Amino acid sequence: MKQGTIKLGLVTATLLMGGTALMAGGDIVPAKEPAKEPVKEDVVKRTLNGNMTLNYNVVPGSVESIEEMFSEGIFYGRLRLNSFYWKWAADGAPNKAPKQMGAGGSLIYKSAAYKNFSFMMSYYGSFNPSFWRPSVADAQFSKAGKDTFSRYKVKTGGGFGLNTFGEAYLKYGTDSFNIVAGRQLYESVFTKSNDTKMIPNTFDGVSGALKITPKSKARVAWFGYQKLRDHESHHDVITFGGDDPENSWNKWRGNDDAGSHKGLKYEKFVAAGKDPHHNMYVADYTSKDIKNLKIAVSYLQIPGVVQDGVIEAHYKIPVFDSGWAVRPGIRYFWQGDDGGGEIAGYTNLSGKEALGYDSGVADSLDSNLLNLRVDALMPDKKGFFRLGYSKVADKADIVAPWRGFPTGGFTRAMAQYNWFANTETWMIRAVYKFNSTWKASLRYAIQDFDDYKDYVPSDSNVIHLDVWTNITKNLQMRLRYGNVSAKDDTIQKHLSTADDIKYKKDWSYNEFRWEFNYLF
């Protein structure tokens, strides 16, 4: 069966794991237990977090019959509008697709639990109004709003718009453990739903969670497929491109995430006699058993390609009786080659020759990343100030195409990928809640990429501003602005000669986003 085709044995047997959110925005948050109370008319069924994940405040309870399993289930609706405007700052830049818009939403059904069994089904749709979208010819130039449609679908004659199953799973669970089989959101340090556009990033497979103590949990998962936000059907978890190399748009058939390693191509796996379809295994342990301390240990492996290990800890220190607190945090990310380096060859994340990388990096994905931060927490949860730092080892680039963002919550700003080898980033951030309605977040990052490496971005400064308001208890509006000021005089040393000096691309830009979410 071709890559990207939904295998009926997996999907029909399945349906996700809503309540095991682990890490959001760099903070380790053990999952909340499902509500046991029946639905009340005056209760808001769901609320949005700052990273656009959802809190289910009302969920179906347990029932005594299969008929009640269906009749006592709950529908959850969401209408959303996401508008984007992106403009490169450099003269002559290809500003051919500056505008994108997605209008649509989702309809989710959660069944009640019968003998600890329940299920969930969901539909997600994104439609692209013609007055605020690129032409078919220019669709490939889309940037921030590309996830409101599928470039592959558009360029192969399928048209704009997305219609897909977001989550579809079968669940068996009690207060102490659960098993989820099917298409699911999976929030971890490696994998996230990243539902900031129109359709979440999902995974097809089986996951399980076990509560060890009231404040600690262990999880394991196997995933055979991933479905990125701009895909209607699933694809491999790491292979870039598909099985049709003659197709100009083949690169968008597999895992074409911006953080994917484009040297791990379908053709390379086949040429090496390797299976281009891969399995992903994830395991983690989180604990808040020690007062004010949150810790997590996580592991990921894609056999024959790569393996990762992460240790993370955050400790809250109250400042006398002022209501303020200081919270230092650390995340150490280790990446080990498991055969993928030989497949990719001497290439970096871009899939191009790794010019300027240490010769010992050739044919290896071995690397590591250190993240540090310190937060000053305001009284009454009004907000915080943050100083963050990250440094990637001068080895291989970090491979992370599952929307987990290795530097997320520490130094990553909107749309930034600062985990190329030998990259150092500083960030300051402030978040403040003005009142029950208005909230704002401001980030400023200094990204120091390796000037000696070609096909790696030039150094940049980033400003990222978010302002959002809860217009009503169900309706939220959010404005986002991003500005990147990049150096335009960085020489590509290995591509230049005495007579022909080549410079890295001036990738400075301005980006605007306007979002509406209505939950019902």
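Rounded to the nearest Hz, the phi-derived 3J(HN,Hα) couplings of segment 260-269 under the Karplus curve 6.51 cos²θ - 1.76 cosθ + 1.60 (θ = phi - 60°) are 6, 8, 7, x, 8, 8, 3, 4, 5, 4, where x marks glycine and proline.
Here the contact order of the chain, divided by its residue count and restricted to Cα pairs under 8 Å and six or more residues apart, works out to 12 percent.
Is the chain best put as rounded, prolate or oblate by its Cα gyration tensor, with a ≥ b ≥ c the root eigenvalues, rounded for a/c under 1.5, and otherwise prolate when a/b is larger than b/c, oblate when not? Rounded.
Where does the charge balance sit around D488 when Lys and Arg score +1, Asp and Glu -1, over other residues with C-beta under 15 Å from its C-beta? After counting each charged neighbour, the total is -1.
Computed from the C-beta positions of L442 and H277, the FRET efficiency with R₀ = 30 Å rounds to 0.10. Length available on full extension from Y332 to K433: 0.36 nm per residue minus the Cα-Cα distance, which gives 33.3 nm.
Once the chain from D488 to E64 is taken as fully extended at 0.36 nm per residue, the excess over their C-alpha distance is 145.9 nm. FRET efficiency for the N55 to V467 pair, using the beta carbon distance and R₀ = 30 Å, is estimated at 0.90.
For segment 419-435, the Karplus equation 6.51 cos²θ - 1.76 cosθ + 1.60, evaluated at θ = phi - 60°, returns couplings of 10, 5, 4, 6, 9, 10, 9, 10, 9, 10, 9, 9, 10, 9, 9, 5, 7 Hz by residue, with Gly and Pro reported as x. Assuming charge only on the beta carbon of Lys and Arg (+1) and of Asp and Glu (-1), the dipole of segment 115-195 about its Cα centre is about 280 debye to the nearest 20.
Full extension of the chain segment joining S350 with F516 gains 56.4 nm, where the gain is 0.36 nm per residue of separation less the Cα-Cα distance. Give the calculated FRET efficiency between K382 and V136 to the nearest 0.05, with a Förster radius of 56 Å applied to their Cβ-Cβ distance. My answer for the efficiency is 0.75. About the centre of its Cα atoms, segment 46-159 shows a dipole size close to 680 debye [charges on the beta carbon of Lys, Arg (+1) and Asp, Glu (-1) only; nearest 20 debye].
Placing unit charges on each Cβ (+1 for Lys and Arg, -1 for Asp and Glu) gives the chain a dipole about its Cα centre, and among H314, A139, M280 the Cα reaching farthest toward its positive end belongs to H314. Positive-end ranking of P379, W402, I428 along the dipole of segment 332-477, with charges on Cβ about the Cα centre, is headed by P379.
Work from the charge dipole of the chain (Cβ charges, +1 for Lys and Arg, -1 for Asp and Glu, about the Cα centre) and give the residue of H235, P60, S83 farthest towards its positive end. Ranked along the dipole, the leading option is P60.
Estimated purely from DSSP H runs of n ≥ 4, each contributing -39500 (n - 2.57), the mean residue ellipticity at 222 nm for the chain is -1000 deg cm²/dmol once divided by its residues. Label-to-label distance for K291 and S71 is 5.0 nm, based on points extended 7 Å past Cα in the beta-carbon direction. Rounded to the nearest 20 debye, the dipole size of the chain about its Cα centre is 1560 debye, using +1 on the Cβ of Lys and Arg and -1 on the Cβ of Asp and Glu. With 21 Å as the limit, the listed pairs K215/K316; K146/K391; K96/K487 have K146/K391; K96/K487 beyond it between alpha carbons.
Every number in this text was worked out from the coordinates using simple rules, so none of it is lab data. Just so we're clear, the structure is a prediction, and the values are computed from it rather than from any experiment. Heads up, the Cβs are rebuilt from the backbone with ideal geometry, glycines too, and the neighbour counts pull from every protein chain shown.
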